[in-house]
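Okay, structure first, notes after.
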Ligand SMILES: C[S@@+](CC[C@H](N)C(=O)[O-])C[C@H]1O[C@@H](n2cnc3c(N)ncnc32)[C@H](O)[C@@H]1O
């Protein structure tokens with residue numbers, strides 16, 4: 001992609017700006033990590049902010065990076081041609097590396113791929129891939145011991161996605177993050193919720209799952 005082209009995204013400009021701000025408020029206490037990076041728009045926004053904050057750690061990026069039908073359509077609508085089953089990791093790298101050059105990319109499926117995480121305390125932890133259980137809860141389980149009480153910001157990017165669904169079984173499946181919050185919400189403080197469904201939390205009290 002040329003520099004003038006924007007990175008196709010599944011995240012609104014409002015939320016991307018919020019991610020920029022999150023990055024900018026990095027306190028130097030831990031790493032930033034995103035699970036579900038696609039072509040890099042949300043990572044790029046976060047990294048722009050992190051750069052401003054003087055971030056000096058690896059940026060941990062996890063995704064399976066295998067295009068499906070709906071991703072092909074969404075990319076095309078935003079002027080980028082990709083094919084079903086295409087490995088998108090090179091496109092991600094080309095989009096994000098010019099903004100932050102210490103990206104550690106892990107290509108594979110969560111929760112298994114998250115075992116590769118060895119970066120220590122996590123300060124910013126964005127979940128934009130796991131939306132249903134068991135993937136959702138197992139992804140949280142793989143990472144939460146690295147969260148820092150009073151510091152870590154967690155983003156559940158599809159927290160209210162279920163509201164757009166009609167089928168009761170699909171609604172139940174996509175309510176995995178709600179079930180998590182019903183059970184463990186007292187360990188978190190909501191810092192921002194968007195009408196488009198993204199929920200940002202601060203981890204407050206040590207959790208044992
Ligand atoms: C909603 S998109 C991410 C959008 C991106 N954050 C943005 O703002 O443009 C979800 C991404 O999660 C990835 N994904 C879905 N399930 C996954 C899994 N179990 N493990 C790893 N990646 C997964 C998909 O490949 C896709 O790139």
Practice problem: Inspect all residues belonging to the range 117-138 and state whether any of them is free of Cβ contacts under 8 Å to residues at least 40 places away in the same chain, within 15 Å of the ligand (Cβ to nearest atom) and loosely packed, with under 14 Cβ neighbours inside 10 Å. | Solution: yes
Quiz item: Being closer than 24 Å to residue 201 by Cβ, out of contact with any strand residue (DSSP E or B) (no Cβ under 6 Å at 6 or more places or on another chain) and within 11 Å of the ligand (Cβ to nearest atom), is that true of even one residue in the range 96-106?
Solution: no
Quiz item: Across the range 8-48, what is the total count of residues that are surrounded by fewer than 23 Cβ atoms within 10 Å (Cβ to Cβ), outside any helix (DSSP H, G or I) and in contact with a helix residue (DSSP H, G or I) (Cβ under 9 Å, 6 or more places away or on another chain)?
Solution: 10
Quiz item: Restricting the first residue to the range 71-84 and requiring it to be assigned to a loop (DSSP other than H, G, I, E, B), which pairs with a second residue that is exposed (fewer than 10 other Cβ atoms within 10 Å of the Cβ) and at pLDDT 95 or above meet a Cβ separation below 7 Å and a spacing of at least six or different chains?
Solution: 84/69
Quiz item: Is there a residue in the range 3-17 that is within 12 Å of the ligand (Cβ to nearest atom), at positive phi and touching a residue at least 12 places away in the same chain (Cβ under 8 Å)?
Solution: no
Exercise. Inspect the range 48-55 for any residue being over 17 Å from residue 108 (Cβ atoms), within 12 Å of the ligand (Cβ to nearest atom) and at pLDDT 95 or above and give the result as yes or no.
Key: no
Self-check item: Lone unmet requirement of (1) over 17 Å from residue 127 (Cβ atoms); (2) in a loop (DSSP other than H, G, I, E, B) for residue 51
Solution: (2)
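Residue 188: under 18 Å from the mean Cα position of the chain (by Cα), within 20 Å of residue 43 (Cβ to Cβ) and at pLDDT 95 or above, yes or no? Give the derivation first.
Details: under 18 Å from the mean Cα position of the chain (by Cα): yes; within 20 Å of residue 43 (Cβ to Cβ): no; at pLDDT 95 or above: yes.
It is false that residue 188 is under 18 Å from the mean Cα position of the chain (by Cα), within 20 Å of residue 43 (Cβ to Cβ) and at pLDDT 95 or above.
The values are calculated or read from the model by the stated rules, or taken from the named source; none is laboratory data. Since we're looking at a predicted model, the values are computed, not measured. Positions of Cβ are generated from backbone atoms using ideal geometry, with glycine treated the same way; all protein chains shown enter the neighbour counts.
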